[in-house]
Amino acid sequence: MSELADSPLPARFALLSDGSTVEIKQAGPQDADDVRQMHEQMSPDNAYFRFFSLSPRAPQREADRLCRPPGPDHAALLARLDGRLVGAASYELSGRTGIAEVAFAVSDEMHGRGIATLLLEHLVSLARQHRLTAFTAETLPENLPMLRVFADAGLPVERHFRDGVVELTMPLPGHEGQQLDSYLDAVAGRASLADVASLRHLLQPASVAVIGAGRRRGSVGREVLHNIVTGGFSGAVYAVNPRGHAMEGLSCLASAADLPEGLDVAVVTVPPAEVPGVAAQCGQRGVHALIVITSGLGSSGADLLAICRRYGMRLAGPNCFGVAVTSQQLNATFTATPPAAGAAGLVVQSGGVGVALLEHLGRLGIGISSFASVGDKYDVSSNDLLTWWEQDGQTKLAVLYVESFGNPRGFARTARRVARKLPILTVIGGRSAAGQRAAASHTAASATPLVTQEALFGQAGIIATHSLGELIETAALLSCQQLPAGRRVAIVSNAGGAGVLAADACTDCGLSVAVLESGTQRRLARLLPPGATVSGPVDTTATATVAVFRSCLEEVAGDAGVDVVMAIEVPTAIADLAAAISTAQVAKPLVAALLERPESVSMLNVGGEPGRGVPAYGYPEGAARALAHAAAYREWRDGQLGQVPALDDVDSAGARALVSAFLADSPEGGWLAAADAAELVRCYRIPLVPTRQATSQTAALSAAADLGGHVVLKADVAGLVHKTDAGAVKLDLRTSGEIADAYRQLAAAFGSDLRRVLVQPMLAGGVETLVGVVQEPVFGPLVVFGLGGVATDVLGDRTARLAPLTDIDADQLIRGVRAAPLLFGHRGSPAVDVKALAGVLLRVSRLADDLPEVAELDLNPVIARPDAVHAVDVRVRVAPAAARDPFLRQLR
């Protein structure tokens with residue numbers, strides 16, 4: 001068992017299936033009376049199902065068992081709702097290695113609300129941290145609710161019936177494989193239902209209050225109240241101002257304590273010092289959700305969150321712009337104009353960015369289904385909004401602007417699921433050092449490096465743009481056009497130069513310019529004057545009329561070699577070709593670049609129908625960027641999901657023991673010795689070049705002979721990272737004299753700092769690559785791949801993905817570097833063993849996922865050859881790390 005078994009567990013909050021909030025904490029002696037009373041108050045049937053008898057002593061015995069001090073042989077968790085104990089769960093080691101028996105009890109009135117299932121999930125998380133492999137349980141066959149809990153948990157269940165009792169065995173999921181995916185999918189499904197239930201009060205409210213509504217127009221609270229009242233919200237509205245009598249046609253309440261019971265949502269705009277007190281009054285009145293617009297809470301922010309958890313209130317903000325839901329005609333923001341109704345869901349941390357996006361989405365006719373400014377994001381986050389939009393039946397496009405991530409791996413899993421149903425767009429903020437500082441100060445949260453955000457978004461299928469303009473350009477396309485089936489773009493222009501610019505823009509964005517079939521070219525030639533170009537890009541010449549240009553668009557759209565049509569118009573006195581574009585009958589995506597338009601993107605209306613239009617860009621570059629994003633999203637959505645391989649041959653226990661022993665001697669962490677680093681990666685069957693250690697010239701000569709005579713010598717010097725730059729590597733040594741001379745040179749260069757000399761065979765040929773891992777403090781392990789050796793820092797040709805990697809991730813890492821052609825055969829050179837290289841990436845990913853204590857791992861170079869792949873150098877830095885479960889169902 002792990003030392004974690006003796007560590008106190010922090011209290012956690014989580015949602016039940018009906019959206020209510022429970023606290024889950026480790027049982028202790030102070031809970032014994034509550035545990036005994038809960039069991040004493042159980043109905044006879046409930047008690048009999050739990051104990052298989054009706055002994056009056058059972059409640060006390062159970063309290064003693066559950067509430068004894070934590071130890072390596074058991075764990076017990078309690079669930080409290082509004083401070084009242086409503087459930088208990090435990091496991092006890094069974095005597096068989098890695099197997100524990102579980103038991104559950106739920107108070108009578110709480111059955112059917114998901115308490116036992118939630119407690120089971122938390123027990124599974126705890127047991128996996130302690131490296132247990134299976135749970136067992138015994139239950140009576142009549143206890144159908146408990147049998148359903150086990151059956152629906154997402155774990156494989158083996159059942160045996162013996163002596164009137166159902167005996168169950170549930171293997172626990174490991175770190176990878178289909179079993180883990182199935183379990184996490186089941187957990188995510190339950191989390192989604194609970195999340196949606198809890199958000200209904202915020203996003204489908206029947207009643208709302210504004211606390212801090214000012215007496216004068218122009219104050220934040222008064223403008224929020226004005227927008228709610230004048231926006232057409234049909235539910236009950238309350239204004240709270242101790243010095244006001246009436247405003248916006250409403251009588252004012254003196255304080256939040258005067259609110260009616262069970263209000264859905266309250267908007268809080270009072271000064272920072274008053275926020276915790278107001279929140280507590282709301283909780284006491286049974287308010288279900290808060291929107292806290294107030295900023296500058298400082299240390300009282302923790303008090304606000306604790307109050308919301310205590311009373312089970314969901315919280316948007318603080319430091320936010322508000323929430324708007326067009327289907328409810330609710331505009332609980334202080335925007336100057338009401339958001340337009342439509343199909344985009346929008347969540348932002350920056351209120352200012354949110355207002356700008358609302359304006360652009362409205363101008364383009366896209367509109368919003370719902371908008372949430374989450375500000376400092378204490379509770380409600382982009383994860384919650386994605387879950388809501390997945391099921392609301394109105395949202396067709398999700399737009400995010402987030403500057404920080406609380407649970408990136410949970411976010412990635414949610415986004416990956418939602419992106420299969422609807423496109424998710426974002427803009428990457430904080431790419432520069434200045435941007436990261438601004439993001440951190442703006443949201444009071446750690447900013448995220450560019451490479452990590454790109455890895456997260458790429459794996460989750462999120463369309464990541466690098467500017468607000470690019471985001472709007474892409475949203476315009478996705479809101480009204482189908483996804484392109486491929487990257488082949490037919491360009492039709494009334495000016496040859498504009499067509500050339502469009503072709504260059506497409507090529508720059510990874511699109512290809514379609515060459516039209518001969519039949520299509522003949523039909524175009526009959527339509528156009530002699531000076532026209534019909535092969536592609538099509539140049540209709542400046543004399544094209546509306547009818548001719550429309551016919552050309554329709555002809556190229558019918559070409560089997562075309563996936564999307566781009567129409568380019570340069571204004572002339574001959575015709576307004578925008579009419580031709582908006583009336584063309586095409587069955588493929590159609591975009592336009594109208595070079596006289598001042599807007600970067602506008603919308604050509606088609607038939608006057610909402611949701612139908614042709615995005616019209618001011619420049620072809622904007623159209624090409626949007627098309628490239630749409631094509632990449634289609635490829636991701638239609639592609640295989642990939643699998644995280646099981647890798648049953650790894651020795652994770654041996655690796656864990658090695659790391660634990662190092663940290664026992666060096667509690668602050670540090671770099672592993674070369675031999676220990678090599679042993680660690682060998683535990684994961686990562687192929688290493690054979691290495692011999694020599695502390696004398698004679699030993700070096702002997703080692704070289706053992707390795708075939710053609711060798712490399714490397715100085716082992718503490719703290720030396722870039723060996724080649726420091727002259728610590730001697731290559732291509734063939735004779736005894738060369739080897740002896742190289743040894744003497746290293747000894748002279750490094751003197752007493754030389755710990756030993758490493759002797760390795762000289763590998764001829766191959767491509768030098770880099771495989772590495774860094775434990776990113778917010779995102780977890782990040783696997784990096786790129787060119788290796790001395791080129792790694794000079795060229796910076798690298799790609800990255802978050803662990804755990806799937807087989808598809810590993811392939812994309814390899815293909816994502818600019819130097820990928822060198823790996824797949826270039827100018828007659830043979831391809832390397834790409835499968836073996838992918839295997840190294842997958843094994844490094846598993847190592848990093850198993851061992852959060854591995855803060856850095858560097859395999860450089862990894863020499864990839866046609867016949868094999870070998871790591872030549874390995875460096876590993878270890879640091880203390882707390883166990884964490886990013887998929888555990890809990891509120892932040």
Amide proton proximity set for ALA341, modelled H, under 5 Å, gap of 5+ | ILE368
Only residues of segment 680-698 count here: report those whose backbone N is under 19 Å from the spot 7 Å along Cα→Cβ of ALA726, or say none.
-> 692-696
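Quick one: work out the % antiparallel among DSSP beta bridges in segment 310-431, nearest 5.
On the way: 8 of 22 bridges.
Rounded to the nearest five, the antiparallel share is 35 percent.
Give, rounded to the nearest 20 debye, the magnitude of the charge dipole that segment 78-196 has about its Cα centre when Lys and Arg contribute +1 at Cβ and Asp and Glu contribute -1 at Cβ. Could the numbers behind the result be given before it?
On the way: 10 positive and 16 negative charges, 41 e Å.
Roughly 200 debye, rounded to the nearest 20.
At a 1.4 Å probe radius, which order do ILE115, ILE99 fall into by accessible area, largest first? Kindly include the intermediate steps, with their values, before the conclusion.
On the way: ILE115 5, ILE99 30 Å².
So the residues, ranked largest to smallest area, are ILE99, ILE115.
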Let me know the charge dipole size of the chain about its Cα centre in debye, to the nearest 20, where only the beta-carbon of Lys, Arg (+1) and Asp, Glu (-1) is charged.
-> 860
Which whole-Hz couplings ³J(HN,Hα) result when phi for each residue of segment 309-326 is put into the Karplus expression 6.51 cos²θ - 1.76 cosθ + 1.60, θ = phi - 60°, listed in order with x for Gly and Pro?
-> 5, 4, 9, x, 9, 6, 10, 9, x, x, 6, 10, 9, x, 9, 9, 9, 6
Rounded Å value of the spacing that divides the Cα centres of segment 733-794 and segment 29-50 = 64
Keeping all protein chains in position, work out how much accessible area SER660 exposes to a 1.4 Å probe, and write it in Å² to the nearest 10.
-> 60
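For the chain, what is the mean residue ellipticity at 222 nm derived from helices alone (per DSSP H run of n ≥ 4: -39500 (n - 2.57); sum divided by total residues; nearest 500 deg cm²/dmol)? Walk me through the numbers before you get to the answer.
Details: 28 runs with 323 residues, N = 892.
Computed mean residue ellipticity for the chain: -11000 deg cm²/dmol.
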Roughly speaking, what is the centre-to-centre gap between segment 527-595 and segment 646-724 when only Cα atoms are used, to the nearest Å?
-> 64
Could you point to the residue in GLY622, LEU672, LEU641 farthest towards the positive end of segment 606-674's charge dipole, with +1 and -1 charges on the Cβ of Lys/Arg and Asp/Glu respectively?
-> GLY622
Near the amide H of LEU330, under 5 Å away, which other amide H atoms are found, from residues 5 or more places off or on another chain, if H is placed in the peptide plane?
-> VAL325
Which value, in debye to the nearest 20, gives the size of the charge dipole of segment 186-343 about its Cα centre, when Lys and Arg are +1 and Asp and Glu are -1 at the Cβ?
-> 80
Post the alpha-carbon centroid distance, segment 804-832 to segment 840-889, in whole angstrom.
-> 19
LYS835: which lysines have alpha carbons under 23 Å from its alpha carbon, excluding same-chain residues fewer than 8 sequence positions away?
-> none
Among the lysines, which have Cα under 28 Å from the Cα of LYS588 when same-chain residues fewer than 8 positions away are ignored?
-> LYS396, LYS421
Diffing segment 344-349: the Karplus 3J(HN,Hα) column from phi (6.51, -1.76, 1.60, θ = phi - 60°), in whole Hz with x for Gly and Pro, holds 9, x, 10, 10, 9, 8
Positive-pole candidate from SER660, LEU733, LEU15, dipole of the chain, charges at beta carbon | LEU15
Looking only at lysines whose Cα falls under 26 Å of LYS25's and that sit 8 or more positions away or on another chain, we get LYS377
With point charges of +1 on the Cβ of Lys and Arg and -1 on the Cβ of Asp and Glu, referenced to the Cα centre of the chain, which listed residue (PRO339, SER43, GLY766) lies farthest in the positive direction of the dipole?
-> PRO339
Under the Karplus curve 6.51 cos²θ - 1.76 cosθ + 1.60, θ = phi - 60°, whole-Hz ³J(HN,Hα) for segment 554-559, x wherever Gly or Pro sits | 5, 5, 5, 5, x, 6
Compute the Cα gyration tensor for segment 347-420, then decide on rounded, prolate or oblate, letting a ≥ b ≥ c be the square roots of its eigenvalues: rounded whenever a/c is under 1.5, prolate when a/b is larger than b/c in the other cases, and oblate in all that remain.
-> oblate
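Going by a ≥ b ≥ c, the root eigenvalues of the Cα gyration tensor, does the chain fall in the rounded group (a/c under 1.5), the prolate group (a/b larger than b/c) or the oblate group? Spell out each step's value before the answer.
Working: a/c = 1.92, a/b = 1.01, b/c = 1.91.
Oblate, since a/c reaches 1.5 and b/c is not below a/b.
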Taking amide H positions as placed in the peptide plane 1.01 Å from N, state which residues far from ALA593 in sequence (5 or more) or on other chains have amide H under 5 Å from it.
-> ALA567, ILE568, GLU569, TYR617
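The values are calculated or read from the model by the stated rules, or taken from the named source; none is laboratory data. For clarity, every value in this text was computed on a predicted model and none was experimentally measured. With ideal geometry, Cβ positions are generated from the backbone for all residues, glycine too; neighbour counts draw on all protein chains shown. Accessible surface areas use protein heavy atoms only, side chains included; no ligands, DNA or RNA. Shrake-Rupley method; radii C 1.70, N 1.55, O 1.52, S 1.80 Å.
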